[in-house]
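Notes for the one structure printed next.
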Amino acid sequence: MADIDYPFAPGPPIAADTETVIADGSRPSVRGRFVGAFAIGILAAIALGAGALYAYDRQFEGRVLPGVHVGSVDLSGMTPDQARTALDGAYAGLGEGSLTLETSAGSRSFSFADLGRRVDSEALVDDALEAGRSGDLLQRAVGNIRTAINGVTLEPKVTLDQDALLAELDMLAVSVRRTPVNATVTSTDDGFVVEYGRDGHQLASGSSAAIREALTALDAPAEVSIPLSVLSIQPNVTSMEAMQAQAAAERIAADLALKAGDESWTINAATIRSWITFNPGPAGDCQATVDEARIATHLGGIAKKIQRPARDASFLVGRSGGVVGVTAARNGRRLDTAATATRLAQVFAIRASGTKLEAVQPVLTMIEPRLTTEEANKSAPLMRRISKWTTYFPIGIKNGFGANIWIPARLIDGYVVAPGATFDFWKAVGPVTRERGFRQGGAIINGKTEPQGALAGGICSCSTTLFNAALRAGFEMKARRNHFYYIDRYPLGLDATVFISGGSVQTMSWRNDTKYPVLIRGKNTRSGGSGYVTFELYSVPNNRRVVIGNPTVRNVRYASDTIQYTNSLPPGRSERIEYPVDGKQVWRTVTVYENGKMLRRVTYYSNYARITGITLVGRGHAAS
């Protein structure tokens, strides 16, 4: 037997007849001597085993211990590389076979090799190297002995290439996937048409886990078929929802009458249909929606038909010139477009829910007249003529042969100016058109008289006449402008021109600053080639007295007269186209008294241009 180096050297031998003396001087018993000898023997055995274990570990360092198997493959004493090679060779058949994934939208097959199916040699070799080597020194000693005697068999593990598996699943998912298509509703001339939607498809989640479970089984067959679930995805707008929206739209798009008393204005079904759009509702479904802005736009046209101006009460004048009666006032009305549009939107919502509504009352704003029938009746018995003014004019082409003066006088006749209201010449006359009878007439253009220069030329005779009538009644005069040059048919410094030219407007206006209504009467008369326009004002006498001062004339610039020869006239024939008019500046002060006290004093300033007279003479006259 070979010598063994013990980790603990034994002491010198003890003679049999020597007695061991204990510290207290007593001698040990026989039993004590036996226990001590046994302990020494155990220590010697452990020391011997530790040395043997150390040598054993050193012999298999970096190798699999004897007795370790993976399945039927014996890896005893192999290095990691040898062990991996042995396992990969023993289980090479794991890569042979195929997987078929079946779905309701089609199937797809892959080989095991494509999915990287193989034995998990890396993990198994790590486990084999650890077999019998766990724990402390004593536990490892026991483990080594057991491994050598009994052996350790590890269960083979199968692995897959996760990236390859996911890539193949992605390709399958793409082939299966189908995007859902929303159902739509479109408007046509005859109604609404539904375009049906379509469900989408999508591969169910969790497919990867099911495949791994099937293919990592060691006993998986060579042909594996796995059914995968395909989920159906509904579109945001289903065909049923679109048909419901279509039905709601059909209920909305029916004739609707706006009724106010005995009057009615109909909005037809085709117009309402053009307002309907289809949009997602709160729950994401399809809803028929009426565009309120388009309702309001359409109501703009109806508003013109509904609108009715208020009509002031007026007065009837007898042959004797006195007021003999009253014509009743009438309320005006105006459509409240925004409020009516909101009301119609509410009606359409009710229709959509299934309730039939064929008529609705529009929202109207009532406009009261400035002079009510009651107020007119109170004033009528007391009204008298308080002012009058007449203007002469020669009937000719410069005033449309009188039409341009008489027509506005006739339009103003019967006009009532309520207390506190302002009379405006152009608002009272209205649009100046040929359809209303106005003709071409004279106008002052660029400082020269043009006999046919403007439509309604000569109308200033009418405005000047009414200005003087209102001025002499003591009313508060507002807009007034003198003519370019002085026309001697008008009071000096108290003429009032009116015109509309491009964007420029000149009117004549005055305010009824009394507490009584004023009736304007316009009268037209003719005597041969002479025409006359007269305005009379009727009201309750207001105890006003008007004093018009004499004109102050300054800076007179005397006009000259000239003769111009022309080929446009026969020889010796003459025609005056411009009369000489002196240029001047004129001041007229007007003072109004009420009940003996001065109410106001106004000075009117007029600056008249100088006009050179022109007489055209046919050529040849000067030579004779």
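When restricted to residues that are hydrophobic (A, V, I, L, M, F, W, C), open to solvent by 70 Å² or more (accessible area, probe 1.4 Å) and not in a helix (DSSP H, G or I), the range 380-439 contains 1. When you go through L371, L335, L344 one by one, which is the residue that is open to solvent by less than 50 Å² (accessible area, probe 1.4 Å) and more than 18 Å from A257 (Cβ to Cβ)? Exactly one of L371, L335, L344 is open to solvent by less than 50 Å² (accessible area, probe 1.4 Å) and more than 18 Å from A257 (Cβ to Cβ), namely L371. Scanning the range 392-425 for residues that are at pLDDT 95 or above and among the polar types (S, T, N, Q) yields N404, T422. Checked against (1) surrounded by fewer than 18 Cβ atoms within 10 Å (Cβ to Cβ); (2) of a type outside the set (D, E); (3) assigned to a helix (DSSP H, G or I); (4) modelled with pLDDT under 95, M366 passes all but condition (3). Number of residues in the range 273-309 that are under 18 Å from A249 (Cα atoms), assigned to a strand (DSSP E or B) and in contact (Cβ under 8 Å) with a residue 24 or more places away in the chain: the value is 7. Any chance you could count how many residues in the range 70-120 are of a type in the set (V, I, T) and farther than 22 Å from V224 by Cβ? Final tally of qualifying residues: 4.
For the range 524-577, the strands (runs of 3 or more DSSP E) that sit wholly inside it and include 2 or more residues that are in contact (Cβ under 8 Å) with a residue 24 or more places away in the chain and in contact with a Pro (Cβ under 9 Å, 6 or more places away or on another chain) are 530-539, 561-566.
Considering the range 150-214, the qualifying strands (runs of 3 or more DSSP E), each wholly inside and each with 2 or more residues that are hydrophobic (A, V, I, L, M, F, W, C), open to solvent by less than 60 Å² (accessible area, probe 1.4 Å) and under 29 Å from L94 (Cα atoms), run over 152-154. Considering only the range 113-130, I want to know if a residue exists there that is more than 30 Å from E223 (Cα to Cα), hydrophobic (A, V, I, L, M, F, W, C) and touching a helix residue (DSSP H, G or I) at 6+ places or on another chain (Cβ under 9 Å). Yes, the range 113-130 contains a residue that is more than 30 Å from E223 (Cα to Cα), hydrophobic (A, V, I, L, M, F, W, C) and touching a helix residue (DSSP H, G or I) at 6+ places or on another chain (Cβ under 9 Å). Please work out if G261 is surrounded by fewer than 17 Cβ atoms within 10 Å (Cβ to Cβ) and within 30 Å of E195 (Cα to Cα). For G261, the condition - surrounded by fewer than 17 Cβ atoms within 10 Å (Cβ to Cβ) and within 30 Å of E195 (Cα to Cα) - is not met.
Would you say L231 is open to solvent by 50 Å² or more (accessible area, probe 1.4 Å) and either within 16 Å of A345 (Cα to Cα) or in a strand (DSSP E or B) (or both)? Here the answer is yes, as L231 does meet what is asked. Taken together, the criteria exclude E450 from residues that are acidic (D, E) and not in a strand (DSSP E or B). Considered as a group, the residues in the range 278-301 that are closer than 16 Å to V347 by Cβ and β-branched (V, I, T) include one that is least open to solvent (accessible area, probe 1.4 Å), and that residue is I295.
Matching residues to (1) without any contact (Cβ under 8 Å) to a residue 40 or more places away in the chain; (2) open to solvent by less than 40 Å² (accessible area, probe 1.4 Å); (3) within 23 Å of L599 (Cα to Cα):
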| residue | (1), (2), (3) |
| --- | --- |
| T464 | no, yes, no |
| R472 | no, no, yes |
| M477 | no, yes, yes |
| R480 | no, no, yes |
| R489 | no, no, no |
| V498 | no, yes, no |
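The values are calculated or read from the model by the stated rules, or taken from the named source; none is laboratory data. Predicted model only: the values in this text are computed from it and were never measured. Cβ atoms come from the backbone with ideal geometry, glycine included; neighbour counts cover every protein chain shown. The area values use the complete protein model at the heavy-atom level, side chains included, leaving out ligands, DNA and RNA. Shrake-Rupley method; radii C 1.70, N 1.55, O 1.52, S 1.80 Å.
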